[in-house]
Structures are given as C-alpha cells and as structure tokens.
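Remarks on the structure that follows.
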Amino acid sequence: MATILTTGRRRAATRWSLAGLLALGTPLASPAQADETFDDAKLLLTNGVTSVEGASGGGLASWSTIAGRGTERAIGVSAHVTAIALPDYGWQSHGVSVGIHDRLELSYARQNFDTRKVGAALGLGHGFKFNQDIFSAKLRLAGDLVYGPQWLPAIAVGVQHKRNLDGAIVRAVGARSAQGTDFTLSASKLFLSRSVLVNATARLTKANQFGLLGFGGDKHGKHSLQVEGTLAYQLSRRLAVGGEYRTKPDNLGIAREDDALDMFVAWAPVRNLTVTGAYVDVGSIATFGGQRGGLVQLQLAF
Amino acid sequence: MMRKTVLSVALGIAIMAPSAVMAQEVPPAAESGEAPGDAQVDRDAPVDWDREFGVVRKTRDPVTGEIPVDPYVQSDANAGASPFTGEGMARAFGGQPGIRRVVDRFVELNTTDPRIKAIFGEHDMVRLRRTLFEQFCLILNAGCHYTGRDMKSSHKGLGSTRADLNALVENLQQAMRENGVGFAAQNRFLSKLAPMDADVSERGEKRLLGKRR
C-alpha cells in the first residue's frame with residue numbers, strides 16, 4: 001500500500017446523518033464505537049476487593065475506587081462472599097455492587113456474625129447470629145487511582161447506612177440505636193513508580209464492632225472520627241500484598257473495643273475473579289479478647 | 001502512550017462507512033424512508049467513495065516508507081515525559097535493541113487486538129514504530145531524540161477512551177513481559193506514561209446528567 005486515505009469530515013458527517021435517518025430512522029450521530037454498557041475494561045486489580053461493609057476497597061478500609069470493571073463510559077457490577085474465622089466467632093458476609101461510569105458506586109452487603117459458644121455464655125443461645133444490612137453509596141469526586149498527575153489521588157466520599165437486625169439485643173448491651181450511618185472520605189493512589197498503592201480514609205461513625213453491636217453507647221453516643229489506612233505492593237498484574245489498619249470507636253461500657261488490622265494477598269487468576277486471603281486481628285469482641293484469624297474472599301466482577 | 005502517525009485521520013471512514021454502506025445495501029428501506037418528491041439518485045451507478053468522503057491520497061516517501069505529515073516543531077518535549085536519569089531503566093529494557101523489540105511487539109499486539117485495532121487501521125505503522133521507539137528510548141534514557149509530534153496532536157481525532165487506553169496498557173505490559181522486563185521496571189516506565197491520559201484519550205467520562213459527549 002503506497003497510499004493512505006484521509007477524509008473530509010464534514011461531508012462524511014452529513015452523509016452519516018442522512019444515512020442514519022433513512023436506514024435506521026434515528027437522526028442522532030453516533031460515536032466512533034458504540035459504547036458497551038458493560039465494557040469489563042479496568043486494569044486488573046484496580047477495582048479493589050470488597051471491604052467488610054460492601055464498599056470496594058481493601059478488606060477493612062473503604063477506598064476511593066468504584067466497584068466493578070466498568071470504565072468511565074460504562075457500568076460495572078460486582079458480587080462477593082467473605083468468610084472470617086476467629087477463635088470465638090465466625091463471620092460471613094456477602095453482597096453486590098454496581099459502579100456507574102467509574103464515578104458512583106451503590107452497594108448492598110449482609111453481615112452474619114456467628115457467636116458460637118460465646119452466644120451461650122452471654123445468654124443469647126449457642127450459635128446466636130447477629131445480622132446486619134448495609135446500604136452504601138460512594139461518589140468519586142476527583143482524581144484517578146492510576147492515571148493523571150501522581151500528586152492527585154482518586155478522592156471519594158461515601159455514606160454507609162447500617163441496619164442491625166437484632167435491635168432489642170444490641171440495646172440490651174448498651175447501644176443507643178440499632179441503626180447508624182457512617183460517612184467516609186477517602187483518597188487512594190497507585191504510585192506506579194514504586195508499584196505501591198496507598199489509601200487513607202477518614203470515617204465518621206457511631207458503630208460498635210462495625211454495627212454488629214449497635215450504634216453509640218453509654219461511654220460515647222455520637223459520631224466519632226476514625227481513620228483507616230492501606231499500604232499495598234503490586235508484585236505482578238495479578239498479585240498484590242499489603243496491610244491495613246482501622247481504628248474503631250469504643251462506645252460500650254461492658255466491653256472494650258480494639259482497632260483492627262489485616263495483612264492480605266489479593267490474586268486475580270482471571271480478569272473477573274479476585275481471590276483474597278488475609279490474616280485479621282480485630283482484638284477484643286464482647287469481652288472475648290485476642291480475636292485473630294483468617295479471611296477468605298471471592299469477588300466476581302464485570 | 002502510543003502515537004498516531006497520519007495527520008488527517010481516516011477515522012471518519014471507520015465511523016461513517018458502515019452506515020453509508022448499509023443505506024446502499026438496503027434500498028427498499030431507504031426508498032420507503034424518502035419523501036416522494038426527493039431528488040432521484042441513480043443507485044446502479046458505481047459510487048465514487050473517495051469523492052463522497054473527500055478522500056485525499058498521499059504517497060509514501062520512497063526512502064523512509066512513511067507518509068508525509070504537515071510540518072511541526074520538533075522537540076524532545078513533545079514526548080510528553082521527562083527521561084529517567086541513570087542507566088538502570090535502559091538496562092532493564094535491554095538497551096536500544098530491547099526497546100525496539102518491545103515497540104515492535106507492542107505495535108503488533110495493538111494492530112491485532114480486536115478491542116482497539118480499528119483505531120490503528122488507517123494509520124502509518126512505519127512512522128508509528130519509528131516515533132514510538134524514539135519516545136520510549138528517550139524516556140528510558142537510552143540515548144535517543146524524539147522527532148514525533150506531541151501527544152495531544154498525535155492522538156487528535158482518534159476518539160479513544162479510557163477502555164481503549166487500558167487495552168493498550170495491557171498490550172504494552174505483555175510486550176514488556178515477553179521481552180523480559182521485570183514488573184517493577186514495567187510499572188516505573190508506566191508511571192511516565194500514565195499522566196498523559198488526558199492528552200491521549202479523547203472521549204472522557206460519560207456524564208450521568210446533562211448533555212453527553
């Protein structure tokens with residue numbers, strides 16, 4: 001080929017409109033390629049995993065990422081199941097999220113917290129389960145996790161409305177309410193030059209043990225400012241390791257509440273699946289201390 | 001990240017041609033859509049598509065094999081990123097021969113990738129391979145000057161999106177991986193390219209509210 005074609009765009013555009021009108025009955029001009037509703041086009045692992053509240057992020061921290069693998073002209077969806085085994089408790093949570101234009105995230109998560117033998121000791125009955133529904137929304141205000149200036153992280157605000165389904169019991173242990181709403185502000189950036197992801201989140205919350213023991217207490221009843229941080233290192237496109245720390249309020253007089261931390265490995269064997277394994281330390285829960293154990297999460301995303 | 005190499009883009013053809021062809025191939029539908037009084041066109045006559053689209057044919061330079069572009073000011077600043085200091089990154093890529101292999105494989109992957117090959121379809125791959133090599137070589141501090149255009153004008157009219165850019169990044173990662181560039185060095189190189197996203201992807205976010213682009 002010794003020649004190449006260049007085109008007079010105005011004439012072509014006129015022709016396009018006419019052809020579209022005649023052949024399809026739609027006079028609207030179309031973009032170069034039709035935008036796919038689900039483009040499944042984020043870079044691997046950049047949708048994060050799912051936090052305990054159902055928002056995309058690390059295991060504990062809510063990042064400023066938007067769930068699903070959709071980019072800014074598409075929609076992404078995500079579903080997850082998480083299991084945590086602790087010495088005296090069991091945790092199972094699951095949920096779904098939708099990410100719209102990599103801008104707005106809406107998510108739902110259900111938490112089921114198995115008290116096992118502790119349930120009998122507390123007079124709730126062996127294997128009593130605390131349940132909680134969480135409805136969340138997150139809006140990315142500015143920046144991007146990967147692209148754009150290195151100094152500008154993705155910045156997002158979030159709201160997480162939590163509805164504990166065991167109101168009578170959490171009030172009996174001293175909580176002021178069975179419902180509460182957290183507000184988050186987070187900044188996340190993948191520093192490619194170092195292959196390091198950094199996240200910092202501020203959270204206003206009243207939740208006792210994430211809300212499983214209700215909201216507010218005899219020691220402190222109002223929202224308090226808590227922080228969560230993540231540091232992760234990307235070993236390959238498919239594999240990242242890291243650690244997180246999350247402070248928690250200490251509102252209840254009957255049981256001390258500790259901060260939580262985790263160390264995780266996130267692996268994307270295929271582009272739509274992220275498998276996360278973590279060591280988790282949540283300290284003392286309802287007077288039973290030293291709650292350290294393992295977390296496994298499967299996340300499917302499109 | 002990558003640069004288009006022909007000034008006036010033939011992208012219009014990729015966009016417009018299918019519908020125009022469709023209108024030709026389904027005369028009954030077209031006919032029924034026309035008002036009775038419209039000017040009649042001889043549909044049996046062969047269509048001069050070059051004329052329809054205002055096509056101008058350019059001839060490749062017999063020496064370089066490249067299609068000439070309109071004049072512009074050459075500068076290393078056009079590469080869109082400051083070079084690394086030291087020899088570490090050039091060594092990680094295997095020097096100029098290694099960079100050339102990465103670029104050739106990168107171009108090959110892009111032009112065969114069903115997600116984005118249409119963007120490259122009507123462009124000068126000879127020039128792209130040369131200018132891309134120069135850009136990579138300059139940024140990696142492997143001893144080159146960049147003679148191509150700046151990122152914004154070289155990507156003008158491509159209509160590319162973040163999804164296209166991500167596909168491109170994946171292809172570059174594959175090209176680097178296949179040529180033995182370690183992952184940390186891959187990411188370091190990408191850190192020079194990632195801030196260019198606003199210049200190389202044209203169609204931004206689809207807005208939730210208001211007029212859509």
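The values are calculated or read from the model by the stated rules, or taken from the named source; none is laboratory data. Because the structure is predicted, anything quoted here is derived from the model rather than measured. Neighbour counts are summed over all protein chains in view; Cβ atoms, including those assigned to glycine, are modelled from backbone coordinates with ideal geometry. Heads up: the accessible areas ignore ligands, DNA and RNA and are worked out on the full protein's heavy atoms, side chains in. Shrake-Rupley method; radii C 1.70, N 1.55, O 1.52, S 1.80 Å.
Can you confirm whether B:R105 is away from chain A (no Cβ under 14 Å), in a helix (DSSP H, G or I) and out of contact with any helix residue (DSSP H, G or I) (no Cβ under 7 Å at 6 or more places or on another chain)?
No.
For the structure I just gave you, tell me whether B:P46 is modelled with pLDDT of 50 or more, surrounded by 13 or more Cβ atoms within 10 Å (Cβ to Cβ), outside any helix (DSSP H, G or I) and more than 12 Å from chain A (Cβ to nearest Cβ).
No.
Could you go through segment B:159-176 and let me know if any residue there is under 14 Å from the mean Cα position of the chain (by Cα), crowded, with 22+ Cβ neighbours inside 10 Å and part of a loop (DSSP other than H, G, I, E, B).
For segment B:159-176, residues under 14 Å from the mean Cα position of the chain (by Cα), crowded, with 22+ Cβ neighbours inside 10 Å and part of a loop (DSSP other than H, G, I, E, B): present.
Can you spot a residue in segment B:149-158 that is within 13 Å of chain A (Cβ to nearest Cβ), open to solvent by 10 Å² or more (accessible area, probe 1.4 Å) and not small (G, A, S)?
Yes: segment B:149-158 contains one or more residues that are within 13 Å of chain A (Cβ to nearest Cβ), open to solvent by 10 Å² or more (accessible area, probe 1.4 Å) and not small (G, A, S).
Restricting the search to segment A:103-140, which residues are in contact (Cβ under 8 Å) with a residue 60 or more places away in the chain and under 22 Å from A:V49 (Cβ atoms)?
Scanning segment A:103-140 gives A:Q111, A:F113, A:Q132, A:I134, A:S136, A:K138, A:R140.
Tell me, please, whether a residue that is within 14 Å of chain B (Cβ to nearest Cβ), free of Cβ contacts under 8 Å to residues at least 40 places away in the same chain and in a strand (DSSP E or B) can be found in segment A:155-171.
There is no residue in segment A:155-171 that is within 14 Å of chain B (Cβ to nearest Cβ), free of Cβ contacts under 8 Å to residues at least 40 places away in the same chain and in a strand (DSSP E or B).
Could you check B:A194 against (1) among the aliphatic types (A, V, I, L, M); (2) surrounded by fewer than 20 Cβ atoms within 10 Å (Cβ to Cβ); (3) part of a helix (DSSP H, G or I); (4) facing chain A (nearest Cβ under 9 Å) and say which number it fails?
(2)
Given the structure, is A:V280 farther than 30 Å from A:A41 by Cβ, at pLDDT 95 or above and either assigned to a strand (DSSP E or B) or open to solvent by 40 Å² or more (accessible area, probe 1.4 Å) (or both)?
Here the answer is yes, as A:V280 does meet what is asked.
For segment A:81-93, name all the residues that are open to solvent by 10 Å² or more (accessible area, probe 1.4 Å) and within 19 Å of A:I66 (Cα to Cα).
Within segment A:81-93, just A:V81 meets the criteria.
Any chance segment B:78-101 includes a residue that's within 14 Å of chain A (Cβ to nearest Cβ), surrounded by fewer than 18 Cβ atoms within 10 Å (Cβ to Cβ) and within 15 Å of the chain's Cα centre (by Cα)?
Within segment B:78-101, none of the residues are within 14 Å of chain A (Cβ to nearest Cβ), surrounded by fewer than 18 Cβ atoms within 10 Å (Cβ to Cβ) and within 15 Å of the chain's Cα centre (by Cα).
Among (1) within 13 Å of A:R176 (Cβ to Cβ); (2) open to solvent by less than 10 Å² (accessible area, probe 1.4 Å), which single condition is A:A260 missing?
Unmet condition: (1).
Considering only segment B:104-143, how many residues are surrounded by 22 or more Cβ atoms within 10 Å (Cβ to Cβ) and hydroxyl-bearing (S, T, Y)?
The total comes to 1.
From the residues in segment A:110-164 that are surrounded by 23 or more Cβ atoms within 10 Å (Cβ to Cβ) and of a type in the set (D, E, K, R), which one is nearest to A:S195 (Cα to Cα)?
A:D144
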